[in-house]
Amino acid sequence: MKPLPMLLLNVALVVVALVVYDQLRTEDVRPRESVLEGSAESEAVLARLAALERARAPTLQATGTDARVLARLAALEEALGPRAPSSDAPEDGGPVLTGRAPTAPLASADEPTDDEIRRFRKLRAAVQQQERMEKIAAHVDERLAKLPIKLSKRQRAKIHAAYSEFRPRIGQIWQQAKEEAQETMKAGGTVDRGEIVETTTTKIQQEFAGMIDGVVSSADAESISETLLAGGR
């Protein structure tokens, strides 16, 4: 082959080689930039850059900082867009919401327990019973003071207890007398209210006298019963 055509062919090959090399180099650089700006790895890079920026904020803001670095950071942030806030941290800086139900407040140490409430109710019932017994004893002593009967402390306490036990029986006797009178009236008969009261009162006094007979003599029992249950009450 002649020298001139060979020279031209070699020049053409060199030019083509240079063009191909330049294109390959350009394509090799651009994909890296594209990957850096849009791939998942860029988020990690951005996070590391952001962390470095926060940790070394005085250095980046100091005189002499390379403007190109700052421009590159801004470009990366703009390319990736705003990052979604973490689901664990609220935007307003308020308390973290974990989705768990709020814990119920603990019971105050001053609140009584169930056992304490039961004990209190028992104590209250005992106090109320004691108060009733004291009132009954005061009523009985007031009536007994009208009698010329000397009673020992033991006898007096037994009479107090017997009277307290007999009180519900008084209502039962009166209720029975009322029902008998109503039956008589329904049958067409007549009733004498005064006679019913007298008869019922006598029945109550006799029954109570039988309760305390033995605590005191029979005669004293009748006197005490008549005094305590005058009018059947």
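The values are calculated or read from the model by the stated rules, or taken from the named source; none is laboratory data. As the structure is a computational prediction, the values presented were derived from the model and not from experiment. Cβ: placed from backbone, ideal geometry, glycine included. Neighbour counts: every protein chain shown. The accessibility values were calculated without ligands, DNA or RNA, using every heavy atom of the protein model including side chains. Shrake-Rupley method; radii C 1.70, N 1.55, O 1.52, S 1.80 Å.
Of the numbered criteria (1) part of a helix (DSSP H, G or I); (2) more than 29 Å from E134 (Cα to Cα); (3) open to solvent by less than 90 Å² (accessible area, probe 1.4 Å), the one V191 fails is (1).
Checking the condition in contact with an Asp or Glu (Cβ under 8 Å, 6 or more places away or on another chain) and surrounded by 12 or more Cβ atoms within 10 Å (Cβ to Cβ), which residue from I212, I173 passes? It is I173.
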